[in-house]
Every structure is written in structure tokens, then in C-alpha cells.
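Peer 1: Here it is: the structure, laid out below.
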Amino acid sequence: MPDLYALPQTDFHSPKSVSGYYEPTGRGSPIANKLVPDLASLADLGQATTLNVAAAGAATYGGTVALSATLSAGGAGVSGQTVTFSIDGTTVGTAATNASGVATLAAASVDGLSVGTYSNYLTATFGGDTADESAIAFGNLTIDKAPLTVTAVNASKPYGAADPTFSVSGAGFAASDGWNSLGGTLTFTTNEPAGGYAPVGNYTLTPAGLTSTNYTITFVAGTLSVVAAPTTVAVAGQPGAPVYGQPLTLVATVAAVLPSTAAATGGTGLAGGATTMAVCAGRPRQAHDDSARLA
């Protein structure tokens, strides 16, 4: 067999690399279209690597999750290499492998993904170098519901008034969420007595009715305070001019101030708490009395 390196090369075109081999494509060569080792290419190939990726448990909706990837070659961890992490095709960060070949990303955001289990949503990639081949790995991601606290805002009203418009505050919404991300209808109940006006005092105000597929909702009661209603008192005498020496009747009218519509009860501040009082009309004082007395 002739010496391989003594064969004529004038008719060869640029070779094509196939998995570390050259495939000559020229004509007129005894070894045209045959695979022969490309020793230089083989020398540049790194050792095969293995990569896996996993999440450190389930993520919480709208929060973050810790990711880890292990890069190994020949059964040993590969240290000092950069691993890129992605979730649903979006890069969320990079980390270097430690002495055991483990790269850890402490807090990868899952904001925008709903509650559920996602197959192969995690990706870890290693670009490779002259010592180690590139590698890619996929993993599953689970997202659990986040806690959301809905608290009734304390309210008050005067005795005899209708309930005011109640409201709530929320704690635990994801950055991209608000009240419009919830379902259901917000309702309120109180333990005010049925029928008539609730006496002055404090009552429990409980919200309910909101729903969500991404949150576990906890409802916290507030307080509805019924306070004494302000009143007005008007005092008027009998119609017409009073007659000297005759009884004069004064009439006190007590009314609750809106929004209370309850009838006012209790004393008026007149003698004995009555709503009417009779007095005697005295003689009007005359200006000449004092001057006559001085004379």
C-alpha cells in the first residue's frame, strides 16, 4: 500500500469535518470519499461530560426557586465551569461549578408562570471547552399556590345609620398581580343584631367570596364600630306674644344628625329631662323705673 502522505493532493477540495474525521471530496484520489482520522481534530476534542439540573423543591407562585446543576466527566465533578440556567427558554442566571461540579442559582424568578407542573421547563447548559465537551440538561418545575391575606378595613357608623361601604386590604400579591387577578365576588357579613338599629358597640366585620387558582386566600375579620349619633336640640316658645303673669310653654325638639335616621331618645337638658317646660311671663323692665327711684 502506498504511503498515505505521498499521495497526490492537487485535486483535493477543502475537506469536511465529520465527528472528528475528514471526508475528502475531491476527484482523482485513491482515497476519495473515504473517512480517515483527523488526528489534530481528535486532539482538540474534550472529554465527554454529563449534566443534570433540578429545582430545590416546588416554587411559590410569583416568587423564586433555587436551581442546581451538576457537571461531571469520567465520573468526577468538573469545577470552575460556567453553567447557564433558563426557565421556559428565558435565561434566569449563571453560576460556576464548585469542587464537586455543582453550580447553584439561589433565586430564579418564576413570576408570570401559573400554578402547576411543567415538564422540561428547566434548562442548564454548559458551553464546553478544549478539555470538556458541551452539555445540556432539562428538568421539571412545579409551582405551588402563594398565600394571600385579605383583611377587612375597620369601619364605623353613627347609631341609626346604614352600613357604610366596606373595603379590604391585601397582602401577598405577586409583582404583576392585583385585585383584578382574583375571581369571585367580595362580600361582607357582620354580627349586628337583625332588625332595628344595632346598639352602640363593636361588631365583627368578615370578608369572603374571593377565589383564585394561584393563591390560597385567608380572610381576616375587621371591626365595625357603632358610635353614638350626634343630635341637635331646638327650643321654641308657644305661638304669639307672651302675656305678663301667664305661663309660657317652651318646647324642646331633639333630632339625630344625618346619616342617622333613628329617633332621638333620652333627656333634653330641660328641667328633669322633659321636652316641655312652663315658666311665668314676668313684667318687662321699664327704663324710667331706675331714674324715678334715683329722684
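The values are calculated or read from the model by the stated rules, or taken from the named source; none is laboratory data. Computed from a prediction, not measured in an experiment: that's the story for all the values here. For neighbour counting, all protein chains shown are included, and Cβ atoms are generated from backbone atoms with ideal geometry for every residue, glycine included.
Peer 1: Which of the strands (runs of 3 or more DSSP E) contained wholly in the stretch 195-279 include at least 1 residues that are at pLDDT 95 or above and exposed (fewer than 13 other Cβ atoms within 10 Å of the Cβ)?
Peer 2: Values: elements: 201-211, 215-220, 222-227, 231-237, 247-256.
In the stretch 195-279, the matching strands (runs of 3 or more DSSP E) lie at 201-211, 215-220.
Peer 1: What about Gly101, is it surrounded by fewer than 19 Cβ atoms within 10 Å (Cβ to Cβ) and touching a strand residue (DSSP E or B) at 6+ places or on another chain (Cβ under 8 Å)?
Peer 2: Against the criterion (surrounded by fewer than 19 Cβ atoms within 10 Å (Cβ to Cβ) and touching a strand residue (DSSP E or B) at 6+ places or on another chain (Cβ under 8 Å)), Gly101 does not qualify.
Peer 1: Can you name every residue in the stretch 101-110 that is assigned to a strand (DSSP E or B) and over 14 Å from Ala59 (Cβ atoms)?
Peer 2: Hits for the stretch 101-110 are Val102, Ala103, Thr104.
Peer 1: Among the residues of the stretch 86-97, which ones are part of a loop (DSSP other than H, G, I, E, B) and surrounded by fewer than 16 Cβ atoms within 10 Å (Cβ to Cβ)?
Peer 2: Hits for the stretch 86-97 are Asp88, Gly89.
Yes/no matrix, rows are residues, columns are (1) part of a strand (DSSP E or B); (2) at pLDDT 95 or above; (3) not small (Gly, Ala, Ser):
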| site | (1), (2), (3) |
| --- | --- |
| Leu67 | yes, yes, yes |
| Thr70 | yes, yes, yes |
| Ala99 | no, yes, no |
| Gly112 | no, no, no |
| Thr117 | yes, yes, yes |
| Gly128 | no, no, no |
| Thr142 | yes, yes, yes |
| Ala162 | no, no, no |
